[in-house]
Amino acid sequence: MGGYGSGRHRGRPTSEACGSYVLESWLLDRAKVRPGILGAATFPYRDGFKVKLTIDTRNGAWHFIDFEHARHTSDAALEKYRVTLLRTFPRFGDARWWFECPRTGNRVAKLFLPRGGHRFWSRAGYGLGYACQRETRLDRVHRQGAKLCRELGDAAWWPESLPSKPKWMRWRTYERKQERFDELVIRLDVAFVASAQRLLARYGRLG
């Protein structure tokens, strides 16, 4: 139940629906990983699942991480494998680390281990969709409205009113957000009516 590929089939299963463990490359930047080091660490998740990582960047031509963890399956067999690390140099800012997906070979910022999975692969490697791809029109408006209010301090204001202007924000910026808020409220009303009409039509057919 709830494993990789299960659930609704109106689109690809999402990382969230599959209970995926996620590993993000920005953690390497935060840990100040650099060329010329060898180090090991255990990355714990809230439910007790652990991933042992051995980072080796001593070879100038090839950097990698050795992974060691249990499968995300009922048998929980131990998996050991290697993931290549890639490094880019943005025009502005510090160098950035990336993973090379063992499945697709693509450069990615996140690796996933969904329920039923054995190893950390990219979203594309597991064919995982994004949560927003499964949203209804009503869901999308609610998400956008809550995000707008959260930018001003509190998502709980949505859809009653827009939070007050923060002291640091320019009035013109706040006025644009107010216009956006008013637009979303109108879209919310339209989406709600459309959703209610579909619901009534479905029950009408059942009757």
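Residues are listed down the side, and each one gets a yes or a no for (1) modelled with pLDDT of 85 or more; (2) of a type in the set (D, E, K, R); (3) in the same structural domain as LEU28 (by TED's automatic domain parsing); (4) not in a loop (DSSP other than H, G, I, E, B):
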position: LEU111; (1), (2), (3), (4): yes, no, yes, yes
position: ARG119; (1), (2), (3), (4): yes, yes, yes, no
position: LYS147; (1), (2), (3), (4): yes, yes, no, yes
position: GLY153; (1), (2), (3), (4): no, no, no, no
position: PRO159; (1), (2), (3), (4): no, no, no, no
position: LEU162; (1), (2), (3), (4): yes, no, no, no
position: PRO166; (1), (2), (3), (4): yes, no, no, no
position: LYS177; (1), (2), (3), (4): yes, yes, no, yes
position: VAL185; (1), (2), (3), (4): yes, no, no, yes
| task | Please work out which residue is surrounded by the fewest Cβ atoms within 10 Å (Cβ to Cβ), limiting yourself to region 98-123 and to residues that are in contact with a Cys (Cβ under 7 Å, 6 or more places away or on another chain) and farther than 19 Å from PHE64 by Cα. | result | ARG115
| message | Going residue by residue through region 153-170, is there one that turns out to be under 30 Å from PHE43 (Cα atoms) and out of contact with any strand residue (DSSP E or B) (no Cβ under 8 Å at 6 or more places or on another chain)? | response | no
| query | Any residue in region 78-88 that is in the same structural domain as ARG115 (by TED's automatic domain parsing), in a loop (DSSP other than H, G, I, E, B) and either of a type outside the set (Val, Ile, Thr) or surrounded by 15 or more Cβ atoms within 10 Å (Cβ to Cβ) (or both)? | reply | no
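The values are calculated or read from the model by the stated rules, or taken from the named source; none is laboratory data. The structure displayed is predicted, hence computed values, not measured ones. Ideal geometry is used to build each Cβ from the backbone, glycine not excepted, and the neighbour counts take in all protein chains shown.
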